[in-house]
1. Could you list, in sequence order, the residues of segment 210-228 that are surrounded by fewer than 13 Cβ atoms within 10 Å (Cβ to Cβ), modelled with pLDDT of 95 or more and in contact with a strand residue (DSSP E or B) (Cβ under 8 Å, 6 or more places away or on another chain)?
2. If residue 281 satisfies every condition in (1) modelled with pLDDT of 90 or more; (2) open to solvent by less than 70 Å² (accessible area, probe 1.4 Å); (3) over 22 Å from residue 102 (Cα atoms) but one, which is the exception?
3. Determine which member of the set 22, 64 is polar (S, T, N, Q), assigned to a helix (DSSP H, G or I) and in contact (Cβ under 8 Å) with a residue 60 or more places away in the chain.
4. Return the pairs, sorted by first residue and then second, in which the second residue is open to solvent by 30 Å² or more (accessible area, probe 1.4 Å) and in a strand (DSSP E or B), the first residue lies in segment 71-87 and is farther than 16 Å from residue 29 by Cβ and modelled with pLDDT of 95 or more, the beta carbons are less than 9 Å apart, and the residues are 6+ apart or on different chains.
5. Which members of segment 92-106 meet the condition of being crowded, with 23+ Cβ neighbours inside 10 Å and outside any strand (DSSP E or B)?
6. Just the residues that are open to solvent by 10 Å² or more (accessible area, probe 1.4 Å) and modelled with pLDDT of 85 or more, please, taken from segment 107-125.
Amino acid sequence: MYKNIIAAFDGSEASKAALIESSNWVKRHGGRVFIVHAVYFDEEEFSIAPEQREKRFEFGKKISYQAKEEILSRFDINIESIVCEGEPPDVIADIAREKKVDLIVMGTHGRKGLKRLLMGSVTSSVIASSPCDTLIVKKPCKECNGEYKSILVPFDGSEFSKKALDRACKLSKIDNAEITLLYVIPRYEEMIEFFKSESIKKSLLDEAHKIIDEAKKIASKRDASIKTEIQEGQAADKIIEAANRLKIDLIVLGTHGWRGVNKAIMGSTTERVILNAACPVLVVGR
């Protein structure tokens, strides 16, 4: 399914975790990993300290080579390192297209963003513009082995969530994974600033069951069986709670929910899930 994989790498702990996750997948399922390091250097910096450009290239080559050697000795997989100059999101996207990459794997933050409350700008930009799926990894996992046995799919009936379910069904066939589909009933008070009556509650629940039934039909067409849950509340919170409670290995979701309009900007629910989920999050691309 994923044969050509980019591991975005800058030497940070999160990028090391992304590289390990990529290597685990390739070790188990085959394929190739491209370690990609982007050297960013604008014209203003060049005029002030031109020597820094070469130093950054040397640093990038050094950490990429060391990472490649460590992965080769540990996993013995097909791996290549690439160091290019440019804006990291542009470099990653361009190489993904050039190498016909199926998956980009990266951490939530790079070297400069370890304690920010918001997700790193490079990560969010790559997700928004990626030509393929993007797997986000927060920290190294000692138990990870490239296998996902339990998958959570947040589903709201949008085209984005349908793509996510389709991808989860394909993944489930590879490792015989169990899929749990979660629909979160939106808070009516937040939607129209009015308290809901019993009839409105029933209407919202009926709508939830219709959406769940639609998901079951999609899964059935792909010869996949799914478990389903209906929750009510804030979508990101409920997704994270379910992932923790069910000991989920992987969350698969789209860049946006049904309210998503601008594809260049990632949905807030997706970003909150990525930041707070304990497990890797696969964001399904175009």
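The values are calculated or read from the model by the stated rules, or taken from the named source; none is laboratory data. What you see is a predicted model; the values in this text were computed from it and never measured. With ideal geometry, Cβ positions are generated from the backbone for all residues, glycine too; neighbour counts draw on all protein chains shown. Heads up: the accessible areas ignore ligands, DNA and RNA and are worked out on the full protein's heavy atoms, side chains in. Shrake-Rupley method; radii C 1.70, N 1.55, O 1.52, S 1.80 Å.
1. 227, the sole residue that qualifies.
2. The single condition residue 281 does not satisfy is (3).
3. Only one candidate passes the filter, namely 22.
4. Every condition considered, the pairs that remain are 80/32.
5. 92, 96, 101
6. Once the filter is applied, which keeps residues that are open to solvent by 10 Å² or more (accessible area, probe 1.4 Å) and modelled with pLDDT of 85 or more, segment 107-125 yields only 125.
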